[in-house]
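Asks: Pasting in a structure now, in C-alpha cells, and then I'll have a few things to ask.
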Amino acid sequence: MGHDTHVVVAKNKTQYEYARRKRSHHMQMQVVTFAIMIFLTFIAFATVAAGMSAFYVAPVILLLAAVQVVLQLYYFMHMSDKGHNMAAFFLYSGALFGFTFIITFLTIVWW
Amino acid sequence: MAEEIKYTPQTWPEHPETANLEGKNKFLGFWLFLGGETVLFASLFATYLALKDKGPEGMTFTTQSLFSEGLPLVFLMTMLLLTSSLTSVYAMYHMKNFNFRGMQTWMAITVLLGLGFLALEIYEFYHYVHIGFYFSQSAFSSAFFTLVGTHGLHVVIGLGWIILLMLRNAKRGLSVYNAQKYYTASLYWHFIDVVWVFIFTVVYLMGVMG
Amino acid sequence: MSAIAQKKGFGSVLWDWLTTVDHKKIAILYLASGGFFFIVGGIEAMLIRIQLAVPGNDFLSAGLYNEILTMHGTTMIFLAAMPILFGYMNAVVPLQIGARDVAFPFLNSLGFWLFFFGGIFLNLSWFMGGAPDAGWTSYASLSLYSPGNGIDFYALGLQVSGAGTYIAGINFLVTIINMRAPGMTYMRMPLFTWTTFVASALILFAFPPLTIGLFFLIFDRMFGANFFDHTMGGNTIIWEHLFWIFGHPEVYILILPAFGIFSEIFAIFSRKRLFGYSAMVFATVLIGFLGFMVWAHHMFTVGLGPTANAIFAVATMAIAVPTGVKIFNWLLTIWGGSIKVTTPMLYALGFIPSFVAGGVTGVMQAAAPLDYQLHDSYFIVAHFHYVIVGGVVLAILAGLHLYWPLMFNQMLDEKLGKITFWLFFFGFHATFFIQHFLGLMGMPRRVFTFVGDQGWDAFNAISSGGAVFMALGVIVLVVNIVKTVVQNKPAGTDPWEDGRTLEWAIPQPVPFYNFKRTPLVRGLDTFWIEKQEGNKEGMTYAEPLSDIHMPNNSFIPFVMSLGLFIASFGALYNGEKTWAVPVLVIGLAITVISMGVRSWKDDHGYHIHKEDLMDDKGGKY
C-alpha cells in the first residue's frame, strides 16, 4: 500500500505529563459542551411544551438544533482539530445539497 | 507492522487513529461516508416533510395527535442518546490515554444507553401500530416509519458494531490497528446523535406545534 | 506468498480472479463485465431500430418493446458505461498518482462484485417473468402499476449495484486525497485523475438519493408502503425529484471521466502540454458543483411553476460556460501541436463536433418554454444520444485503444481501429442526427410503432440503417480484440512514445506492486519532464528501496455480494411465495456474518522484502 512512515517515538516524562494534562483538560471541556447541549435540548422541549406560538418557536428550536449539531461536530467529533479540512468540506457539501433538496421538497412537490 | 509493536502509555501516539496510512485512509473514508449519509438523511427528511399529515381521505392522524402526549418519552430518549454520545467521548479519552479497560468500560456504558434508547423506540413504534398508525396505513405513516426507522437501524448497526469490537478485542488489548476501529465506531455513534437532534426537532417538536 | 507460479490450473486461476484485490485485475474485471453488458445493451438497441425501421411493424409486440427499451437504457447507463469507466479509473488512476494500490483494496473488490451481482440480477428478469417496462426513469406513476416482477428486478438490481458504485466512489476519493506520491500536488494531477476525483464526489452525493428513491419503490411495491400512491396521500412527484437529483449528476459522473480521457489524448497526441490546465481543473469542479443544482430541468413540464422553472433554466444554461471553456482549451491544445492521428486521437477529434452538437441542443432544452415543445419527442432522444454516445461512448472506445497497452501490454491493431472509428462515427451520426428532425416533426419517444405517411417513414429507415453501421463497427472492434489477444505481441513501456504522465513510465508488464520505489513527481506531465532531461529510467525516486506492504486476497467480498443477491430474491417474492421471507433473512445473514468475519479476523496484509525485489529486473517475478 504506499508510503507508510509510522515511527514509534517515546515521550519523555515531562512531555508525557503535559500530554496527559492537556487531554484531561480537553475532557473537562467536553463535559461542559455536554452540559450546554443538555441545556439547549431542555429549552427546546420546554418552549414547545409551554405551547407558545409556532411562528416564534419554530425558528428558535431549529437554531438550537443547529447549534447543538455544530457542538457535536466540532467538539465530540473533533472537527476543530487539525487535519479535518477534507472531512469538513465534504460534510458541508453534503449538507448544502441536502438543504436544497429539503427546500425544493417543501416548495415544488406539486400536488 | 503495527500489531507487532508493543506500546506503553509513553510511546502510544497522540493520534492513533491517523498514526499510519491505513488509519488515515479509514479516517477520511469514514468522514466521506458520513457526508453521503448527510445527503441520505436529507432525502428522507425532505420526503417526510412533503408527506407528513397526508393520508387517505378522512385520516385523523396528525403529527399533533400522535406526538403530543409522548413528548416526555421523546425527551427521555434524547437524554439517553445524548448521554451515550458523551460516554463514547469518555471512551475515546481513555483510548488516547492508552487505558484499554477504561475504554471498554465506557464503551459498554454507551451500549447500555443505546439499548435503552432502542427499547423506548420499539415501545413507541409498538404503541403507534397498536392505535392503528402502522407502516402501510398512509403516506404519512410510511414516511414517518422510514425516516425514524432508518435512524433506528443505524442505532442497531452501531450497537452491533461496538459490541463486536469489544468482544473481538477483549483479549487482545489496545493496538493502533484496533484503536482506529474504535475511533470510527465512535464517530458513527456521534453521527447517529446528530441525526437524532434533527429528528426530535423537526419530527417531534415541530410536529407537536403543527 | 504472492509469487505467481507460471503454470497454474484453471481452478487456481479462477480462484485468483474471484479473490483478487489488485486494482489492475479489478480493472480488467470491470472492463470485461462492462463490455459484456455493452454488447447486451447494443443488441437491445438493434432490436429497437429493427422494430422502428418501417411503420406499423410487428417485429416486437408493444409490451416486449417497452421491456427492451427500458433494459437498453438501464443496461447502458448502469451496467456498461459506468463499469467500463470504473475499469479505466482502476487501471490508470493509482498508476497516474504514483500509488501502489487504491486506499481500500478490499472495498474495491466488494464494489465490483456488488455491481456484478446487481447487473446479473437485473438481467435475470428476462428469464423470470419479464423485464422492467417503465423506462430507465421508472416514473412511479407508471412503475407502481406495472404487472409482474419486472420493476422489482429493476429496483433491487439497481440497489445492489448502486451500493457497489457508492463504495467505489469513496474508494477513489480517499485514494486520490491520501495516496498521491511525493510532489504530486493537486495542481499537478493529470486531468483524468481530476475528473475521476470530481466524478467520485458526485457519486458520493448522488447515489444516496437514488438509494432512498429505490427503497421507496421497493417498499411501495413489495412491502405495502404508500409513498407514491395518491389515494393514500402519497405523491409520485417525489420519485421524479429523487430520481433526477440522482439522474442529473449521473450524466456528469459519466461525462467527466470521458472529458478526462480526451484531455489525456489531446495532450499526448498533440505532443503539447494541455492548454489552460488550471482553467480545465476549475471548469471540472464547477461542472460538478452545478450538476447538483439543475435536476428539475428534466421536470419542466410537470408544472413546478414559472419561478422554479426560471431558476433551474438559468442554472442549466450556466453549465454551458465551463463546458465551453473545456472545448476551447482542447482546440487550443491541438492548435500548433505536432499532431499524430492515431486511433484514440481520431476518436478525440470526432468527439468535439459531436459533443458540441449535443451540448447545443441541451441549451435549447434549458429554455423552459421551448422544452414544453420538445419534451418527450425524438428531439430529446437525439440530444441525449449525442452527449452519451458522442461523448461517453467515443471516450470509452478511445480509452480502450489508449489504455489497452497499459492494461494488457499489447497494442490493438491501428488499422482495424480506424475502420471501427469510421464505421461507428458515420453510423452514429446517421442514426441520431435525423432524429432531431423526427422530434421536431412531432414523433413522440417511447412508442413501439408509428403510422405511415406522416413524413416519418424515410427518416426512421435512415436512422435504422445508421444503426447497422454502428453494429458493424463494434463487430470489427471485437475482431480486433480477438486478433490482438491471439497474437499477443508485447507492447513494452511507453507504447505511444509520447506518454506524458506517470502511468506510461512504468515497466511493462506492470509489476503487481506497481512501483518498486515511490516516484518523486517534479511537475505536471512528470514523465515528459524526465524524458526531456534524458532520464532513461523515466522516473526520479522519492525513497530508497525498502519492503513493500501489500494487501491479502480475499473471498469475502464475493460472499457478501452473493448474500445480497440471494436476499434480493427473498424481497422480490415477498407476499407471493412462502419461502420469500426465509430467503430474505438467509441472504442478509450471509452478508452480515461475512462482514463480521471480516472484522473479526486480523488481516494485516504481507510484505515483499526488498531482497526479493532486488533480484528481478523490470518487474519480472
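Asks: Hey, could you check region C:433-463 for residues that are buried (at least 19 other Cβ atoms within 10 Å of the Cβ) and among the small types (Gly, Ala, Ser) and say which is farthest from the chain's Cα centre (by Cα)?
Replies: Result: C:439.
Asks: Are there any pairs, at least 6 apart or on different chains, whose C-beta atoms fall under 7 Å, with the first in region C:299-323 and within 17 Å of residue C:359 (Cα to Cα) and the second not in a helix (DSSP H, G or I), and if so, which?
Replies: Short answer, once both residue conditions are applied: C:312/C:294; C:313/C:367; C:315/C:293; C:315/C:294; C:316/C:294; C:319/C:294.
This table checks each residue for (1) free of Cβ contacts under 8 Å to residues at least 24 places away in the same chain; (2) within 29 Å of residue B:180 (Cβ to Cβ); (3) within 14 Å of chain B (Cβ to nearest Cβ).
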site	(1), (2), (3)
C:505	no, no, no
C:512	no, yes, no
C:518	no, yes, yes
C:580	yes, no, no
C:591	no, yes, yes
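Asks: Scanning for something surrounded by fewer than 21 Cβ atoms within 10 Å (Cβ to Cβ), within 11 Å of chain C (Cβ to nearest Cβ) and small (Gly, Ala, Ser), does region B:149-159 turn up at least one residue?
Replies: Checked region B:149-159: at least one residue is surrounded by fewer than 21 Cβ atoms within 10 Å (Cβ to Cβ), within 11 Å of chain C (Cβ to nearest Cβ) and small (Gly, Ala, Ser).
Residue by residue, here is whether (1) outside any helix (DSSP H, G or I); (2) touching a helix residue (DSSP H, G or I) at 6+ places or on another chain (Cβ under 7 Å); (3) modelled with pLDDT of 95 or more holds:
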position	(1), (2), (3)
C:113	no, yes, yes
C:116	no, yes, yes
C:130	yes, yes, no
C:133	yes, yes, no
C:145	yes, no, no
C:166	no, yes, yes
C:172	no, yes, yes
C:182	yes, no, no
C:196	no, yes, yes
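Asks: Do you know which residues across region B:100-148 are crowded, with 18+ Cβ neighbours inside 10 Å, within 30 Å of residue B:177 (Cα to Cα) and among the small types (Gly, Ala, Ser)?
Replies: Within region B:100-148, B:114 is the sole residue that qualifies.
Asks: Can you go through A:100, A:104 and tell me which one is more than 7 Å from chain B (Cβ to nearest Cβ), in contact with a helix residue (DSSP H, G or I) (Cβ under 7 Å, 6 or more places away or on another chain) and within 30 Å of residue C:228 (Cα to Cα)?
Replies: A:104
Asks: May I ask you to verify whether residue B:7 is crowded, with 21+ Cβ neighbours inside 10 Å and more than 7 Å from chain A (Cβ to nearest Cβ)?
Replies: no
Asks: If you scan region C:473-494, which residues turn out to be assigned to a helix (DSSP H, G or I) and surrounded by fewer than 16 Cβ atoms within 10 Å (Cβ to Cβ)? Give the steps one after another, and end with the answer.
Replies: Filtering region C:473-494 for residues assigned to a helix (DSSP H, G or I) gives C:473-487.
Matches in region C:473-494: C:475, C:478, C:479, C:482, C:483, C:485, C:486, C:487.
Asks: Hey, among the residues in region A:62-78 that are at the interface with chain B (Cβ under 9 Å from one of its Cβ atoms), among the aliphatic types (A, V, I, L, M) and in contact (Cβ under 8 Å) with a residue 12 or more places away in the chain, which one's farthest from residue B:88 (Cα to Cα)?
Replies: This residue is A:64.
Asks: Listed residues C:357, C:461; which is in contact (Cβ under 8 Å) with a residue 24 or more places away in the chain and either in contact with a helix residue (DSSP H, G or I) (Cβ under 8 Å, 6 or more places away or on another chain) or within 28 Å of residue C:95 (Cα to Cα) (or both)?
Replies: C:357 is the lone residue from the list that is in contact (Cβ under 8 Å) with a residue 24 or more places away in the chain and either in contact with a helix residue (DSSP H, G or I) (Cβ under 8 Å, 6 or more places away or on another chain) or within 28 Å of residue C:95 (Cα to Cα) (or both).
Asks: Give the residues of region C:18-68 that are in contact with a Gly (Cβ under 7 Å, 6 or more places away or on another chain) and farther than 25 Å from residue C:558 by Cβ, sorted by residue number.
Replies: Hits for region C:18-68 are C:55, C:56, C:67.
Asks: Can you name every residue in region C:318-355 that is of a type in the set (Ser, Thr, Tyr) and in a helix (DSSP H, G or I)?
Replies: In the first step, residues of region C:318-355 are kept if they are of a type in the set (Ser, Thr, Tyr); the result is C:323, C:333, C:338, C:342-343, C:347, C:354.
Across region C:318-355, the qualifying residues are C:323, C:333, C:343, C:347, C:354.
Asks: Checking residue C:207 against (1) in a helix (DSSP H, G or I); (2) over 30 Å from residue C:147 (Cβ atoms), which test does it fail?
Replies: (2)
Asks: Can you tell me which residue is farthest from the other protein chains (Cβ to nearest Cβ) among those in region A:26-61 that are closer than 15 Å to residue B:197 by Cα and aromatic (Phe, Trp, Tyr)?
Replies: A:39
Asks: Within region B:24-40, is there a residue that is within 27 Å of residue C:210 (Cβ to Cβ), more than 9 Å from chain A (Cβ to nearest Cβ) and charged (D, E, K, R)?
Replies: yes
Asks: Taking region C:221-231 as the search range and keeping residues that are part of a helix (DSSP H, G or I) and either closer than 15 Å to residue A:109 by Cβ or more than 8 Å from every other protein chain (Cβ to nearest Cβ) (or both), which one is farthest from the chain's Cα centre (by Cα)?
Replies: Restricting to residues being part of a helix (DSSP H, G or I) and either closer than 15 Å to residue A:109 by Cβ or more than 8 Å from every other protein chain (Cβ to nearest Cβ) (or both), the top hit is C:230.
Asks: Can I ask one more? Output the residues belonging to region B:51-103 that are of a type in the set (Ser, Thr, Tyr), part of a helix (DSSP H, G or I) and away from chain C (no Cβ under 14 Å).
Replies: Within region B:51-103, B:65, B:78, B:83, B:84, B:85, B:87, B:88, B:90, B:93 meet the criteria.
Asks: Please indicate, with yes or no, whether at least one residue in region C:66-77 is within 18 Å of residue C:125 (Cα to Cα), in a helix (DSSP H, G or I), under 15 Å from the mean Cα position of the chain (by Cα) and among the small types (Gly, Ala, Ser).
Replies: Checked against the condition, which is being within 18 Å of residue C:125 (Cα to Cα), in a helix (DSSP H, G or I), under 15 Å from the mean Cα position of the chain (by Cα) and among the small types (Gly, Ala, Ser), region C:66-77 yields at least one hit.
Asks: Run down C:158, C:217, C:173 and say which single residue is facing chain B (nearest Cβ under 10 Å), under 25 Å from the mean Cα position of the chain (by Cα) and either under 24 Å from residue B:139 (Cα atoms) or crowded, with 24+ Cβ neighbours inside 10 Å (or both).
Replies: Details: C:158 fails: facing chain B (nearest Cβ under 10 Å); C:217 fails: facing chain B (nearest Cβ under 10 Å).
None of the other options fit; the residue is C:173.
Asks: Taking the conditions exactly as written (at pLDDT below 95, within 19 Å of residue C:444 (Cα to Cα) and either surrounded by fewer than 24 Cβ atoms within 10 Å (Cβ to Cβ) or of a type in the set (Gly, Ala, Ser) (or both)), does residue C:62 satisfy them or not?
Replies: Answer is yes for this residue.
Asks: Something else: For region A:82-93, give me each residue that is facing chain B (nearest Cβ under 8 Å) and either in contact (Cβ under 8 Å) with a residue 12 or more places away in the chain or not in a helix (DSSP H, G or I) (or both).
Replies: Listed by number, the residues that qualify are A:83, A:84, A:91.
Asks: Within region B:167-180, how many residues are in a helix (DSSP H, G or I) and in contact with a helix residue (DSSP H, G or I) (Cβ under 6 Å, 6 or more places away or on another chain)?
Replies: Residues meeting the conditions: 7.
The values are calculated or read from the model by the stated rules, or taken from the named source; none is laboratory data. What you are looking at is a predicted structure, and each value in this text was computed from that prediction instead of being measured. Backbone-built Cβ (ideal geometry, glycine too); neighbour counts: all protein chains shown.
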